[in-house]
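A quick write-up on the structure given underneath.
What follows is calculated from the coordinates using simple rules that are stated; it is not laboratory data. Note that the structure is predicted; figures quoted are calculated from it, not measured. Quick reminder, even Gly has a Cβ in these numbers, built from the backbone with ideal geometry, and neighbours come from all protein chains shown.
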């Protein structure tokens, strides 16, 4: 039985993770080209629009979409799906009015009317995509979700690459909207081809309202949790924009984006699988698998933290060009919290599945307000962006570590292995940094980075092979 469970987990993780992995690889492959076609200011405007689209698009369902995964009755799930679609439509209309009211502030961030309109279309597509993705997750259709993720990345990057030749920054936004639209179309086609399709036989408003009331814990707890988590990630864009030009926003946003690439992979690959498994098998049964993944993720990320911290601005200048000078300092500070976020960003679904959304919310309030508040206070006091981001990162590291500890306690899992895993990860990272320092004495800079990246990649591959062996 244990072998069958491992095999099932391995297949689910492969189906769920292959799409995000390919999309991340594709996005990273285009980075050196796109970062030379577009300026930091272009990316600053794109980051502001992206922040609005992702924050609002993730919230227009009021997080009722999570209830779809837990609703096992097909008829009830179908009614709930249409009720949530109605919620998305209503909230999207309200947001259109709000964007019109806030257009003056958005122009101060470099966002013109056309970009704002595209941003609204982007958030609507995200809102519907989140709902349809939850329906597919309810059916365990991890492969379909993966394909949509890859399709989104392919279309986005092709359009952005073609638009970059025209020399206008708005094509960054157009490409993102086109990719999201392609993913949404694929979600619709996948649901239409599924064995259990949502077919509404009757429209009764009272039934829709009753279902929404039944799952009110999600807007009560998961909605504010999502608000806080998105503000933690995206509010710094607007705070930095209030104290500096769009180019500075571009440096920070892309340093954040590049250091958080792995977290996008784990979120997309692990979150749906463990949400589905916990909803069907219970939280206690996930202990061994979660503990192994936390250990291996710590070990796999440690050499890359050392690599980014050692490379600093010299690494960014070499890869992306001199116009991105300053982003490397920010990335060096962000590397550690980004690695811890990679380990924790999917674990909130474990608590969602057992009705402990209140714990997720409390921890996220502390993390969001603490990190964003420290950043704002530091910038308002006249600190440099690098120093302000360093203090922000310190607050994030403490909050992520606390969340792991709390999650283990609620699940009743042993914490004894966490300390050993942290010690091993710190040891690997320290040795990697020392190794790069020695290489710098005998090699030219580009060679040091090349050998360092190869060494970190080999360590990561070796760890992933061990994970694969354990999951078989």
Report task. Express the relative contact order of the chain as a whole percentage, based on alpha carbon pairs under 8 Å and six or more residues apart in sequence. Result -> 21
**Report entry** Mean projected area in nm² (Cα convex hull; one quarter of hull surface) for region 29-177
**Finding:** 9.2
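Any chance you could run the full-extension gain for residue 445 through residue 108? It's 0.36 nm times the residue separation minus the Cα-Cα distance, nm to one decimal.
On the way: separation 337, 0.36 × 337 = 121.32 nm, distance 3.97 nm.
So the extension gain works out to 117.3 nm.
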Requested in this report: Post the alpha-carbon centroid distance, region 377-456 to region 128-167, in whole angstrom.
Outcome: 30
Requested in this report: Per DSSP H run of n ≥ 4, the term is -39500 (n - 2.57); total these for the chain, divide by its residue number, and report the mean residue ellipticity at 222 nm rounded to 500 deg cm²/dmol.
Outcome: -29500 deg cm²/dmol
Report task. Would you mind ranking 441, 230 so that the residue whose beta carbon has the fewest other beta carbons within 10 Å leads the list? Result -> 441, 230
Query - Mean separation of Cα contacts under 8 Å (6+ apart) over length of region 245-472, as relative contact order % - result: 29
Query raised in the report: Given C-alpha coordinates of the chain, what is the ratio Rg to Rh with the Kirkwood estimate of Rh?
Result: 0.95
Query raised in the report: Hey, quick one: spin label on residue 154, modelled 7 Å out along Cα-Cβ, who in region 18-61 has an amide N within reach, i.e. under 17 Å?
Result: 18-30
Report task. State log₁₀ I(q)/I(0) for region 127-227 at q = 0.16, 0.18, 0.19 Å⁻¹ as given by the Debye formula over alpha-carbon point scatterers of equal weight, solvent excluded. Result -> -0.87, -0.97, -1.01
Query raised in the report: Once the Cβ-Cβ distance between residue 322 and residue 242 is put in as r, and R0 is 30 Å, what FRET efficiency do you end up with, to the nearest 0.05?
Result: 0.65
Query raised in the report: Relative contact order (percent) for region 19-215, with alpha-carbon contacts under 8 angstrom and 6 or more residues of separation?
Result: 33
Report summary line: Computed over region 31-111, the Cα gyration tensor eigenvalues, each multiplied by 5 and square-rooted, give semi-axes in Å (largest first) of 34, 18, 7
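Can you tell me the convex hull volume per residue for region 335-460, based on C-alpha atoms, in Å³ to the nearest whole number?
Enclosed volume per residue, from the Cα hull, is 126 Å³.
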**Report entry** Whole-number D in µm² s⁻¹ for region 353-407, Kirkwood Cα-pair radius fed into Stokes-Einstein, 20 °C, 1.002 mPa s
**Finding:** 179
Report task. Over the Cα atoms of region 245-472, compute the convex hull volume and normalise it per residue, giving Å³. Result -> 126
Query raised in the report: In 10 Å bins starting at 0, how do the alpha-carbon pair distances of region 405-472 split up by percent?
Result: 17, 31, 30, 16, 6, 0
